[in-house]
Amino acid sequence: MTSAVSATSLGAPQVALHNVRREFPDGTGLHETSLTIGKGEFVSILGPSGCGKSTMLRCIAGLETPDAGVIEFAGKEVFGPNTNVPVNRRNLSMVFQDLALWPHMTVAKNVEFPLTTGSQKVSKSEREERVARAMGMVGISQKAEQRPNELSGGQQQRVAIARALVSDPELLLMDEPLSALDAALRTQIRSELTRLAYELNLTVIYVTHDQAEALAMSDRVAVMNAGDVRQFDDPVELYDHPADDFVAGFVGVTNTHETLPSNRPENVEVAPIDGKRPDTLPANSVVGEVLESQYTGGRYDIRCNVDGAPEPWLAYTRHRLNRGDRVLLTVNARS
């Protein structure tokens, strides 16, 4: 299967993959894929473990050599049949799940490090100015003289982001950078990341397996499975109009039934059964038996056994229900 995705309207193309393939002996990796990412676009690559999302990111970075295809940055070829620009000449930065901070260096020295070697090396005065600016962007200026082991997980994450931004890259690649943080901190830092990307007009490619994270942060999301991009769309289109059953099941929750259309939990109305007989139910309604009910703040998430459904349905209600209660589930027109 070849994945081909059209260019974005958000800006001039910043990254373009043309029939790029990187496959491993066991059949995993990235199958032949073409897609275009615009300047200043925040794109998430979303999919289960082993689907090829990190392989795609590493090919873009220059850490993996594709088997075939062409990769362009702003119209210039960085990989092709006769081209393979080294990673340190692609004007990009990366943040990984393993932050790889130098434990013996202060925060300021960690952030400064990319500016001290190779083609990015600059004068001491310029280093000081850029380090101060990068630390200010992520709110860690007051931690400049501390070492990583003296910082919280969120502060360490900000150091890694500042280090990635200090060299003024055109492209920021991030491979599941927030997965080790607690939920509240992830929400806070992803908000800061999207703000920074917007303010700096920075192109970001962000790998994650967390669909809520991808939908919340991204201009567009590429959903991958088994080496292929199944859909590349803005979050609303992806959620409301999934391209296939895999996308529908992976992005959010989809209730299915042998006679009713597939539907999302928020499009299911929950009401008392009130003694209604099955033959008097509306055509878009079914009877459910509550299997579990969990209070999630402002609502209950209920799972119900439904005749004719291969899996229990998920629905939301503001009313407390108990295991074994029977309810009327009505699929509204927005489904």
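Here, each number is a calculation from the coordinates, and none is a lab measurement. In this text, all values refer to a predicted model and were calculated from it rather than measured experimentally. Cβ sites come from the backbone with ideal geometry, for glycine too, and all protein chains shown count toward neighbours.
Points worth noting:
- Between 0 and 90 degrees, the angle of helix 124-138 with respect to the longest Cα principal axis of the chain falls at about 10 degrees.
- If R0 equals 45 Å, the separation of the Cβ atoms of LEU196 and LEU281 corresponds to a calculated FRET efficiency of about 0.30.
- Among the listed pairs LYS53/LYS121; LYS39/LYS121; LYS39/LYS124, those beyond 27 Å (Cα-Cα): LYS53/LYS121; LYS39/LYS124
- Extension gain (nm, one decimal) between VAL236 and THR259, 0.36 nm per residue minus Cα-Cα: 5.7 nm
- Along principal axes, Cα extents of the range 176-273, largest first, whole Å: 51, 35, 24
- Helix-only CD estimate at 222 nm, as mean residue ellipticity for the chain, using -39500 (n - 2.57) per DSSP H run (n ≥ 4): -7000 deg cm²/dmol
- Acute angle (nearest 10 degrees) that the helix 183-200 long axis makes with the longest principal axis of the chain, alpha-carbon atoms: 50 degrees
- Per-residue 3J(HN,Hα) values for the range 91-100, derived from phi via the Karplus relation 6.51 cos²θ - 1.76 cosθ + 1.60 with θ = phi - 60°, read 6, 9, 10, 10, 10, 10, 4, 7, 5, 6 Hz in sequence order (x marks Gly and Pro).
- Of the trypsin sites (Lys or Arg not before Pro) in the range 278-335, those whose Cβ has at most 11 other Cβ within 10 Å and which sit in DSSP loop: ARG318, ARG320, ARG323, ARG334
- Rg/Rh for the range 46-127 (Cα atoms only, Rh after Kirkwood) is 1.05.
- Based on every Cα atom in the range 3-250, Rg and the maximum pairwise Cα distance Dmax equal 17.9, 56 Å.
- Projected label points at ASP182 and ASN305, each 7 Å from Cα along the beta carbon direction, are separated by 3.8 nanometres.
- Over all directions, the projected convex hull of the C-alpha atoms in the range 199-335 averages 10.3 nm² in area.
- GluC sites (Glu not before Pro), loop per DSSP, at most 11 other Cβ atoms within 10 Å - longest free stretch of the chain: 1-144
- Taking a point 7 Å from the Cα of SER152 along the Cα-to-Cβ direction, the residues of the range 170-204 with backbone N closer than 14 Å to it are 181-190.
- Viscosity 1.306 mPa s, temperature 10 °C, Stokes-Einstein D of the range 265-331 from Kirkwood C-alpha radius, µm²/s: 134 µm²/s
- Where both bridge residues fall in the chain, DSSP classifies roughly 70% of the beta bridges as antiparallel.
- Each of ASN88 and ASN267 was given a label point 7 Å from its Cα along the Cα-to-Cβ line. The distance between the two points is 5.3 nm.
- Approximate spin-label separation THR116-GLU129, in nm, with each point projected 7 Å along Cα-to-Cβ: 2.1 nm
- Using a Förster distance of 25 Å, the FRET efficiency for ASN332-GLU292 (Cβ separation, nearest 0.05): 0.60
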